[in-house]
Amino acid sequence: MKRILTAAVLIPLITYIVLWSHVIAFAAVIAAVAMLCFWEFTDIARGHGIDIPRIPGIAGGLIVLFVPSDLTLAVVIALLGLLLGLGVSDLRNSLPKAAIFTLGILYVFGCWHTGVELRAINPFWMLFALAINWIGDTAAMYVGRSFGRHKLAPRVSPAKSWEGSVASTAASLLFGLVYAHYAMPQAPLWLVATAAIAGNIAGQVGDLCESALKRGAGMKDSGTLLPGHGGWLDRVDSSLFSVPVVYALVRFATH
């Protein structure tokens, strides 16, 4: 019940923010979610025995989030070099800290950077990239519970099945086609179908990747801020992979 109530509040709110809020309000929400996700990522890293600096990570991540795309790589390299320089006092851990620090920034802020870019192209594409995960997750849960017989990744996420995974992709495709017909009738059918399938598969991989990180750290959830869902990283782990994929396909089709 908590899971349903939380979703009932978040989905309409996120839909409004993505489609109709002012660009500054959207940027503020994305920044807040990204900071919460990065904070939870640092907790997972600590579970692996790696203590990365939170505040410098958030500061650097916010720069990556909003810097123009052609400068993103340069900023990440500069941040990595800075951290390696500051890590000389802890020689044994300087390399893993710098690596996980950079990974966390790219994983969270880098992925949401593509969300900012995608919304600038068309807010309805941004909602599409998010909603295919909402629909896919729901289909996977119900089909997996009722018909799941073949485990998808038993070591990482024992509850997931191949049957649920296929249902997730099929539901995302069906939703994407219906959604685009009404919300983006000008979008090419091949692009909608490809983005729905590729975005869904990427989202499922993102979900499994975050589960693997948590399992390695001995954690069930990344946080407790969202009743029934765990943490913010638990809620958006699929989107962190699907949004960049949809953005890349849309950019390819429109340039």
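The values are calculated or read from the model by the stated rules, or taken from the named source; none is laboratory data. These figures come from a predicted structure and were not determined experimentally. A quick note on method: Cβ atoms are made from the backbone with ideal geometry, for glycine too, and the neighbour counts reach across all protein chains shown.
With Gly223, Gly144, Gly203, Gly136 as the choices, which residue is outside any strand (DSSP E or B) and out of contact with any Asp or Glu (no Cβ under 9 Å at 6 or more places or on another chain)? Unique residue meeting the criteria: Gly136.
Tally up the residues in the range 135-161 that are within 15 Å of Ala195 (Cα to Cα) and either touching a residue at least 60 places away in the same chain (Cβ under 8 Å) or not hydrophobic (A, V, I, L, M, F, W, C) (or both), please. Talk me through it step by step, then tell me what you get.
Just the residues of the range 135-161 that are within 15 Å of Ala195 (Cα to Cα), to begin with: 135-136.
Going one step further and asking which of them are either touching a residue at least 60 places away in the same chain (Cβ under 8 Å) or not hydrophobic (A, V, I, L, M, F, W, C) (or both), we end up with 136.
Summing the residues that are within 15 Å of Ala195 (Cα to Cα) and either touching a residue at least 60 places away in the same chain (Cβ under 8 Å) or not hydrophobic (A, V, I, L, M, F, W, C) (or both) in the range 135-161 gives 1.
Would the range 4-22 turn up any residue that is of a type in the set (Val, Ile, Thr), surrounded by fewer than 16 Cβ atoms within 10 Å (Cβ to Cβ), over 18 Å from the mean Cα position of the chain (by Cα) and within 25 Å of Leu80 (Cα to Cα)? No, the conditions are met nowhere in the range 4-22. Residue pairs whose Cβ atoms lie under 6 Å apart, sitting 6 or more positions apart in sequence or on different chains, and linking a residue in the range 182-199 that is closer than 17 Å to Tyr247 by Cβ to a partner that is exposed (fewer than 10 other Cβ atoms within 10 Å of the Cβ), do not occur here.
Could you check, for the range 189-199, whether at least one of its residues is within 15 Å of the chain's Cα centre (by Cα) and either buried (at least 20 other Cβ atoms within 10 Å of the Cβ) or at positive phi (or both)?
First, pick out the residues of the range 189-199 that are within 15 Å of the chain's Cα centre (by Cα): 198-199.
Then keep just the ones that are either buried (at least 20 other Cβ atoms within 10 Å of the Cβ) or at positive phi (or both); that gives 199.
Yes, some residue in the range 189-199 is within 15 Å of the chain's Cα centre (by Cα) and either buried (at least 20 other Cβ atoms within 10 Å of the Cβ) or at positive phi (or both).
You will find that of Ala170, Ala202, the residue that is of a type in the set (A, V, I, L, M), at pLDDT 95 or above and surrounded by 22 or more Cβ atoms within 10 Å (Cβ to Cβ) is Ala202 and no other.
When you scan the range 1-83 for helices (runs of 4 or more DSSP H) that lie fully inside it, which ones turn up with 2 or more residues that are in contact (Cβ under 8 Å) with a residue 60 or more places away in the chain and among the aromatic types (Phe, Trp, Tyr)? Steps first, answer last, please.
Numbers: elements: 2-20, 23-47, 54-66.
Hits in the range 1-83: 23-47.
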